Amino acid sequence: MATLTKMLAGFSVRSSPESGDKITRFSGFSAQAEAGNVFVIRGRWNEDWFTALESFPEATHDYDADSTSRAFNALISSPPVTTTTTVQGLY
């Protein structure tokens, strides 16, 4: 991981060790997608992405499944950041 991070010098990079196997890490996203709780922005990349995820874990490459599960798990484990601002003098 450190070598890959060094190769991206000049970019904002966050890394951390993974825990558990890939199938377990992907299962949360997969369950939510099957339940209809995942919304995807339309793009030219959709078909390739769907194909990659649908072929996991048998596919030769699992980059899309890894990155998708990593992003999904980061989103559900981090509390949303909110701010409240009070503006005086409007009324």
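Here, each number is a calculation from the coordinates, and none is a lab measurement. Here the structure is a predicted model, which means the values were calculated and not measured. Every residue, glycine as well, gets a Cβ built from its backbone with ideal geometry; the counts of neighbours run over all protein chains shown.
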Of the GluC sites (Glu not before Pro) in segment 9-77, those whose Cβ has at most 13 other Cβ within 10 Å and which sit in DSSP loop: GLU18, GLU58
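Would you kindly state how much longer the chain becomes between SER16 and ARG42 on full extension, computed as 0.36 nm times their sequence separation minus their alpha carbon distance, in nm to one decimal? Please list the in-between numbers first.
Values: separation 26, 0.36 × 26 = 9.36 nm, distance 2.98 nm.
That works out to 6.4 nm of additional length.
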Label point distance in nm, ALA59-ALA31, each placed 7 Å from Cα along Cα→Cβ: 2.2 nm
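Give me the percent relative contact order of segment 23-76, please, defined on Cα pairs under 8 angstrom at least 6 residues apart.
Values: 25 pairs, mean separation 27.9, N = 54.
Relative contact order comes out at 52 percent.
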